[in-house]
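Written out below as structure tokens is the structure these notes cover.
Readers should treat all values here as calculations from the given coordinates under stated rules, not as data from a laboratory. These numbers come from a predicted model, not from an experiment. Because the Cβ atoms are built from the backbone with ideal geometry, glycine has one as well, and the counts that use them run over all protein chains shown.
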Amino acid sequence: MRQKLEPIIPMIRRFAYSLTGNQHDADDLLQSTLERLLTKDLPRDVDLTKWAFRVCRNLWIDEYRSQKVRQEATQKPELQQLDIVDGDKVMTNQLTVQQVQRALQQLPEDQKSILTLIAVEDLSYQEVADLLNIPVGTVMSRLSRARKAMAKWFNDHDMRIIA
């Protein structure tokens, strides 16, 4: 099982980061996900990658509901540890990531998950539908709403993604 999990750890980590909004909580969520996957039996005939995303998402929902106060505290810039960056390109990339992360945090959980799975993890609509156990049409409409909300957020805040 450990050898099967190793290649998907970076994907789960990125997904956890997109859900939590900060690296420390993402690492905790990743650890909880891996622990759950290693200690519980895997359902028969299930794709390990899809199952890992589902476990991660469900753990996050449980964590989010039980510790909403902690999540709100991570939104405060004074509580976030920011690394010092050197160079224009690195700084530009960091600002872009921060802008996107702020915009992502404004999305409802269902839209944020779908946008991340499709845009970051490069899953197909069908794979996301199977993973979340929802119709493909629902995936498409939530993705559309998420994209529109992100564009509106950037427009409302007079920002553009810097490339």
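Which loop trypsin sites (Lys or Arg not before Pro) in region 1-53, with loop taken from DSSP, have no more than 14 other Cβ atoms within 10 angstrom of their Cβ? Within region 1-53, the qualifying trypsin sites (Lys or Arg not before Pro) (loop, at most 14 other Cβ atoms within 10 Å) are Lys40, Arg44. Pop a pseudo-label 7 angstrom from the Cα along the beta-carbon direction at both Arg145 and Gln31 and give the gap in nm to one decimal. That separation, rounded to one decimal, is 3.5 nm.
Computed over neighbours whose Cβ is under 15 Å from that of Met1, the net charge equals +1, Lys and Arg +1, Asp and Glu -1. Scaled to the globular estimate 2.2 N^0.38 Å, the Cα spread of region 7-58, given as radius of gyration, is 1.07. In this calculation the C-beta distance from Asp156 to Asn133 is compared with R0 = 30 Å, giving a FRET efficiency of 0.35. With K and R counted +1 and D and E -1, the other residues having a Cβ less than 14 Å from that of Arg145 yield a net charge of +3.
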